[in-house]
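Notes for the one structure printed next.
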Amino acid sequence: MREPTWFRWTRRIGLALLLLFTLLPVYVMITTALKPLGDVQNNFRWWPSHVTVRPFFDMWSTIPLARYFVNSLIVSCVASVASVVVALLAAYPVSRYRFRGRQTFSFVVLSTQMFPGILFLLPLYVIFVDLGNSTGIELYGSRIGLIITYLTFTLPFAIWMLVGYLDSIPRELDEAAMVDGTGPMGAFLRVVIPAATPGIVAVLIYAFMTAWGEVLFASVLTDDSTRTLAVGLQGYATQNSVYWNQIMAASLTVSAPVVIGFLLLQRYLVAGMTAGSIK
Amino acid sequence: MVDTIERSAQVAAPGTPGPRKRRRSRGGLLPYLLLAPAVLFELLIHIVPMAVGVFISLLRLTQFYIHDWRHAPFAGASNYRVALNFDHATGKALLHSMWVTLAYTVLVLAISWLFGMAGAVFTQHTFRGRGLIRTAFLIPYALPMFAAVITWNFMLQRDTGAVNHILVDQLHVVHDRPFWLIGQNSFFSLVVVAVWRQWPFAFLIITAGLQSIRSDLYEAAALDGAGVIGQIRYVTLPMLRPVNRVLILVLFLWTFNDFTTPFTLFGKSAPHQADLISIHIYQSSFVTWNFGTGSAMSVLLLGFLLIVTAIYLSAFRRRDDDYA
């Protein structure tokens, strides 16, 4: 059917407005990062009075950005890789075996997703401090504490996504491998994991993005030396002057890896994410 | 809780039966061995802290006991009484925060869904540049939330921000430069920023949902004389029901528990008019170091969310039965 004219124009105007709304902050972020300090201390301007890349150099010395960056990188990388490994190990039996407790496990793990983060935060803080006092294992203020926290947060979705993915891999594949003489673990390692690579990549990005952007727990469970970007970036505002151009440069720099990763791999991610909702 | 895509984990949560399969073997001990790490982490970070949280809510856990919480005096239900005494300052503030959060959630949810629906329907049929537009729509979702919200914070500055520049200097709709991050306006700022962040998720899920609608349904509706509106009303919306049911629940929980947006936009102390529940509990716990009351509030919040979810799911089930 041909599209009526009124609808075509509604569509065009609607899309234009949505694009404007979506891209305005992105535009402000990029142009502000290229402005000299004077431009951001006075009335807003759409274009820099002169384009400069100084903010991208200055931002490293206003706050210990490099340290935050390294912290975020370590925490996010370790947490996401560990999350994928643990989730794969759990997803395999859930997808392939019928054992007692399978339903309970899936239900409990998924239902933890709806709980407000603040509910876990207070006890987790108390437990971490207590563990440090009584056993000497310093989880509070350490990267390890943050890593296991993030790893666990991403587990439910990671497991759910991977179970969906493993279910779509024909069982005949692992059966054939087992006939060839490898055990169930051999089939898992040599057949199932290679076939599940797109799902694994998707879970990896998701877990990385979650850890990279998490604020609530990072604001409480880190100290000066382990602070991550998500919390550290607020440091620009506590200086004598607010270096908006540097903040935008820093925001752009810390966003680049995840945005590029997301846009390059969105196909995997979207397929994995929506698999469950559109059955 | 944690931002980004994990919300869609809940997509499968409520009562979706797993795909039916052929017989599975039981596998002896192997499944439990493989599950052990996941169970261990879940226990350590989710289950045990939750139990401890309920326990703490029964203690008088203030700054004097924070490093030795097991010796904090038992308080019974007094934390709950304080939190629920709406004549008193603490209870009144909690009730106020609940109302603010509810209004915020309903507004953000409704607008995000509407935008997502519009964006998805408008890009349903191919045209030149569609791929680019879809990618652009996903950018707010791909950006780390804290970086995006900081940008909004800059745009909403009274003297140097883009929003006042557009409204006051260029469009002349207002005369005095309004404050956007304090006072009554802060609530609307919060809503706008949250919608900006969330509607792409609705767009993504609805777009995926639209792809599963067979085109002959539209053709049949068109033959029956349905125009664009009729097709949306009689084909698109009914076919999206299962997707919408889950999407709305996920968006609701996500928005209700949102912490990153207010925290990054306002810092540790949100304006009274935009005092969302998560930041309210955070503040009453870590600013005043009264963990007992904070935990009691968290438990009450969880109870509230469980009840809302249960009512929502059962209401949907009953309506679906009516249709069947």
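Taking the residues in the stretch B:270-294 that are assigned to a loop (DSSP other than H, G, I, E, B) and at pLDDT 85 or above as candidates, determine which candidate is surrounded by the most Cβ atoms within 10 Å (Cβ to Cβ). Once the filter is applied, the top-ranked residue is B:Leu276. Scanning the stretch A:196-208 for residues that are modelled with pLDDT under 90, of a type outside the set (Phe, Trp, Tyr) and buried (at least 24 other Cβ atoms within 10 Å of the Cβ) yields a total of 3. Quick one: which of A:Asn71, A:Asn43 is within 8 Å of chain B (Cβ to nearest Cβ), among the polar types (S, T, N, Q) and either assigned to a loop (DSSP other than H, G, I, E, B) or touching a residue at least 12 places away in the same chain (Cβ under 8 Å) (or both)? The unique qualifying residue is A:Asn43.
Among residues of the stretch B:202-227 that are under 27 Å from B:Ser112 (Cβ atoms), those with a Cβ under 6 angstrom from a residue that is modelled with pLDDT of 85 or more and part of a loop (DSSP other than H, G, I, E, B), sequence gap 6+ or separate chain, pair up as B:Leu210/B:Gln124. Taking the stretch A:163-191, which residues are without any contact (Cβ under 8 Å) to a residue 60 or more places away in the chain and among the aliphatic types (A, V, I, L, M)? Correct list: A:Ile169, A:Leu173, A:Ala176, A:Ala177, A:Met178, A:Val179, A:Met185, A:Ala187, A:Leu189, A:Val191.
In this structure, B:Val195 does not satisfy being out of contact with any Ser or Thr (no Cβ under 6 Å at 6 or more places or on another chain), part of a helix (DSSP H, G or I), facing chain A (nearest Cβ under 10 Å) and in contact (Cβ under 8 Å) with a residue 40 or more places away in the chain.
Scanning the stretch A:154-195 for residues that are among the charged types (D, E, K, R) and surrounded by 22 or more Cβ atoms within 10 Å (Cβ to Cβ) yields a total of 1. Scanning the stretch A:209-230 for residues that are among the β-branched types (Val, Ile, Thr), surrounded by fewer than 24 Cβ atoms within 10 Å (Cβ to Cβ) and assigned to a helix (DSSP H, G or I) gives a single hit, A:Val220. Is it the case that A:Leu252 is under 25 Å from B:Ala142 (Cα atoms) and either modelled with pLDDT of 80 or more or not in a helix (DSSP H, G or I) (or both)? It is true that A:Leu252 is under 25 Å from B:Ala142 (Cα atoms) and either modelled with pLDDT of 80 or more or not in a helix (DSSP H, G or I) (or both). The residue of the stretch A:1-38 that is modelled with the lowest pLDDT, among those that are more than 7 Å from chain B (Cβ to nearest Cβ) and not in a helix (DSSP H, G or I), is A:Arg2. Given the conditions (1) more than 7 Å from every other protein chain (Cβ to nearest Cβ); (2) not in a helix (DSSP H, G or I), which single one is not true for B:Phe55? Result: B:Phe55 passes all but (2).
Across the stretch A:1-26, which residue is surrounded by the most Cβ atoms within 10 Å (Cβ to Cβ) among those that are β-branched (Val, Ile, Thr) and in contact with a helix residue (DSSP H, G or I) (Cβ under 9 Å, 6 or more places away or on another chain)? The extreme case among them is A:Thr22.
For the structure I just gave you, tell me whether B:Arg130 is surrounded by fewer than 17 Cβ atoms within 10 Å (Cβ to Cβ), within 12 Å of chain A (Cβ to nearest Cβ), more than 26 Å from B:Arg241 (Cα to Cα) and over 22 Å from the mean Cα position of the chain (by Cα). No: the conditions fail for B:Arg130. Against the list (1) among the hydrophobic types (A, V, I, L, M, F, W, C); (2) buried (at least 22 other Cβ atoms within 10 Å of the Cβ); (3) in contact (Cβ under 8 Å) with a residue 24 or more places away in the chain, the condition B:Ala147 fails is (3). Would you mind stating whether B:Val174 is under 30 Å from B:Leu143 (Cβ atoms), part of a loop (DSSP other than H, G, I, E, B) and free of Cβ contacts under 8 Å to residues at least 12 places away in the same chain? Criteria met by B:Val174. Residues being more than 30 Å from A:Ile159 (Cα to Cα) and either modelled with pLDDT of 90 or more or not small (Gly, Ala, Ser) (or both) are represented in the stretch A:66-84 by at least one member.
Is it fair to say A:Pro198 is touching a Gly at 6+ places or on another chain (Cβ under 8 Å) and part of a helix (DSSP H, G or I)?
Values: touching a Gly at 6+ places or on another chain (Cβ under 8 Å): yes; part of a helix (DSSP H, G or I): yes.
It is true that A:Pro198 is touching a Gly at 6+ places or on another chain (Cβ under 8 Å) and part of a helix (DSSP H, G or I).
Kindly indicate whether B:Ala83 is out of contact with any Lys or Arg (no Cβ under 9 Å at 6 or more places or on another chain), of a type in the set (Gly, Ala, Ser) and away from chain A (no Cβ under 12 Å).
yes
Can you tell me which residue in the stretch B:57-109 is nearest to B:Phe201 (Cα to Cα), limited to those that are touching a residue at least 60 places away in the same chain (Cβ under 8 Å) and of a type in the set (Val, Ile, Thr)? This residue is B:Val108. B:Leu305 meets each of the listed conditions (1) surrounded by 13 or more Cβ atoms within 10 Å (Cβ to Cβ); (2) modelled with pLDDT of 90 or more; (3) out of contact with any Ser or Thr (no Cβ under 7 Å at 6 or more places or on another chain); (4) more than 10 Å from chain A (Cβ to nearest Cβ) apart from (4).
Please work out if B:Val100 is at pLDDT 90 or above and surrounded by 19 or more Cβ atoms within 10 Å (Cβ to Cβ). The answer is yes for B:Val100.
The values are calculated or read from the model by the stated rules, or taken from the named source; none is laboratory data. Remember, it's a predicted structure, so these values are computed and weren't measured experimentally. Note that each Cβ is placed from the backbone with ideal geometry, even for glycine, and that neighbours are counted across all protein chains shown.
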